[in-house]
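I have placed the structure first, in the form of structure tokens, so that the comments after it can refer back to it.
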Amino acid sequence: MPEEPPVLLDRDPRGVVTATLNRPERGNAYNEALLRALIEGLDALAADPTVRALVIRGAGRHFAAGADIHWLSEVAGYPPERAFAASLATTQAMQKLNEFPRPTFALIQGACFGGGAGIACCVDVALATPQAIFGLTEVRVGVSPTPISTHMVHAMGLRQARRYAITGERFGPAEALRIGLVHEVHEAAAIEARLAAILEETLLSAPGAVAVTKDSLLGANGLKLDARQMALLAHEGWMQRASAEGREGLAAFREKRRPSWSGRPEGGSGNP
């Protein structure tokens with residue numbers, strides 16, 4: 001039986017495309033295959049004038065649990081050029097989503113960590129269920145969220161981004177709503193109807209006007225990334241991931257033990 005693609009695309013008659021992150025066995029944690037599928041999908045959809053909106057979901061219980069730790073362990077053994085390309089893929093995927101010319105939405109349930117929170121930062125409208133849990137947990141395993149750092153600041157402001165990116169704390173949907181990471185919180189039984197209502201309103205907006213508005217809002221406020229900026233963000237993330245801390249953090253996570261820098265008593269967990 002052929003393996004299912006890491007991102008499933010479905011389109012309705014109105015031109016609303018649903019992209020489902022499809023690694024439920026890993027909590028939809030991303031690896032290089034998922035990132036490449038997302039990049040290619042966003043490029044193709046952006047070039048299709050009949051696409052009216054994009055909705056991102058996660059298959060199964062979780063939205064997106066960040067980067068796949070097993071994949072990051074593989075990347076640690078890559079030669080420099082390939083390791084940098086893997087880091088750049090995360091940066092590119094987020095940039096393409098952030099600058100996608102159609103309205104974008106995210107429906108968030110379960111875990112929304114690391115790059116999952118980055119997706120929430122990059123869409124136009126983020127809706128969450130009361131069971132969602134958020135975290136910028138990269139520092140807990142000795143790596144840095146540089147590929148999503150600019151988007152975090154755009155979405156929730158520098159003050160809140162500094163707190164959560166540095167502490168690695170987890171927080172619930174009420175806090176995500178307060179700091180601007182999500183726009184609304186609805187029970188699972190009601191969130192689909194709420195999405196449908198917002199989409200109905202959004203489809204009244206002229207597609208060309210939407211594209212110009214999004215581009216203007218980002219461009220006029222210095223919120224678009226050029227190739228040099230993306231390369232720098234990817235390089236910073238790659239160097240920290242390849243550092244002694246990055247290697248120790250990933251090893252500790254795999255081995256289900258405290259990392260060496262943790263001051264917690266025996267039996268505590270330093271894992272995200």
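Kindly evaluate Leu223 against the criterion of being outside any helix (DSSP H, G or I), out of contact with any Cys (no Cβ under 9 Å at 6 or more places or on another chain) and over 14 Å from Asn98 (Cβ atoms).
Details: outside any helix (DSSP H, G or I): yes; out of contact with any Cys (no Cβ under 9 Å at 6 or more places or on another chain): yes; over 14 Å from Asn98 (Cβ atoms): no.
The answer is no for Leu223.
Listed conditions (1) part of a helix (DSSP H, G or I); (2) surrounded by fewer than 19 Cβ atoms within 10 Å (Cβ to Cβ); (3) in contact (Cβ under 8 Å) with a residue 24 or more places away in the chain are all met by Ala117, apart from (2).
If you go through the range 80-98 one residue at a time, do you hit one that is part of a loop (DSSP other than H, G, I, E, B) and not hydroxyl-bearing (Ser, Thr, Tyr)? Steps first, please.
Of the residues in the range 80-98, the ones part of a loop (DSSP other than H, G, I, E, B) are none.
Scanning the range 80-98, I find no residue that is part of a loop (DSSP other than H, G, I, E, B) and not hydroxyl-bearing (Ser, Thr, Tyr), so the answer is no.
Applying the criterion of being under 11 Å from the mean Cα position of the chain (by Cα) and of a type in the set (A, V, I, L, M) to the residues of the range 61-78, the residue that is surrounded by the most Cβ atoms within 10 Å (Cβ to Cβ) is Ala64.
Within the range 158-177, is even one residue modelled with pLDDT of 95 or more, assigned to a loop (DSSP other than H, G, I, E, B) and crowded, with 17+ Cβ neighbours inside 10 Å? Yes: the range 158-177 contains one or more residues that are modelled with pLDDT of 95 or more, assigned to a loop (DSSP other than H, G, I, E, B) and crowded, with 17+ Cβ neighbours inside 10 Å. Residues in the range 127-150: is at least one aliphatic (A, V, I, L, M), over 12 Å from the mean Cα position of the chain (by Cα), on the phi < 0 side of the Ramachandran plot and in a helix (DSSP H, G or I)? There is at least one residue in the range 127-150 that is aliphatic (A, V, I, L, M), over 12 Å from the mean Cα position of the chain (by Cα), on the phi < 0 side of the Ramachandran plot and in a helix (DSSP H, G or I).
Could you go through the range 226-238 and let me know if any residue there is in contact (Cβ under 8 Å) with a residue 40 or more places away in the chain and acidic (Asp, Glu). Scanning the range 226-238 turns up at least one residue that is in contact (Cβ under 8 Å) with a residue 40 or more places away in the chain and acidic (Asp, Glu).
Could you tell me which of the residues Ser243, Ser262 is under 22 Å from Ser149 (Cβ atoms) and among the polar types (S, T, N, Q)?
Values: Ser262 fails: under 22 Å from Ser149 (Cβ atoms).
Of the residues listed, the single one that is under 22 Å from Ser149 (Cβ atoms) and among the polar types (S, T, N, Q) is Ser243.
From the list Arg82, Arg36, the lone residue that is under 23 Å from Arg228 (Cβ atoms), free of Cβ contacts under 8 Å to residues at least 40 places away in the same chain and not aliphatic (A, V, I, L, M) is Arg82. Of all residues in the range 24-37, one or more are of a type in the set (A, V, I, L, M, F, W, C) and surrounded by fewer than 18 Cβ atoms within 10 Å (Cβ to Cβ). For the range 69-99, taking the residues that are out of contact with any Lys or Arg (no Cβ under 8 Å at 6 or more places or on another chain) and of a type in the set (D, E, K, R), the one that is nearest to Leu38 (Cα to Cα) is identified as Lys96.
To keep it simple, each residue is scored yes or no on (1) under 19 Å from Gly66 (Cβ atoms); (2) of a type in the set (D, E, K, R).
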site: Arg170; (1), (2): yes, yes
site: Val185; (1), (2): no, no
site: Ala189; (1), (2): no, no
site: Val210; (1), (2): no, no
site: Gln229; (1), (2): no, no
site: Leu232; (1), (2): no, no
site: Ala242; (1), (2): yes, no
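Flag not set for Gly58, criterion: free of Cβ contacts under 8 Å to residues at least 40 places away in the same chain, buried (at least 22 other Cβ atoms within 10 Å of the Cβ) and either of a type in the set (S, T, N, Q) or on the phi < 0 side of the Ramachandran plot (or both). Considering only residues in the range 74-114 that are out of contact with any strand residue (DSSP E or B) (no Cβ under 9 Å at 6 or more places or on another chain) and hydroxyl-bearing (Ser, Thr, Tyr), the one that is nearest to Val141 (Cα to Cα) turns out to be Ser87. For the residues Ala111, Ala44, the requirement of being at negative phi and surrounded by 20 or more Cβ atoms within 10 Å (Cβ to Cβ) singles out Ala111.
Scan Val139, Val125 and give me the residue that is in contact with a Gly (Cβ under 7 Å, 6 or more places away or on another chain) and surrounded by fewer than 24 Cβ atoms within 10 Å (Cβ to Cβ). Full working, then the answer.
Values: Val125 fails: in contact with a Gly (Cβ under 7 Å, 6 or more places away or on another chain).
So the residue among Val139, Val125 that is in contact with a Gly (Cβ under 7 Å, 6 or more places away or on another chain) and surrounded by fewer than 24 Cβ atoms within 10 Å (Cβ to Cβ) is Val139.
The values are calculated or read from the model by the stated rules, or taken from the named source; none is laboratory data. Not measured: the values here are computed from a predicted model. When we count neighbours, we look across all protein chains shown, and the Cβ atoms used for this are built from the backbone with ideal geometry, even at glycine.
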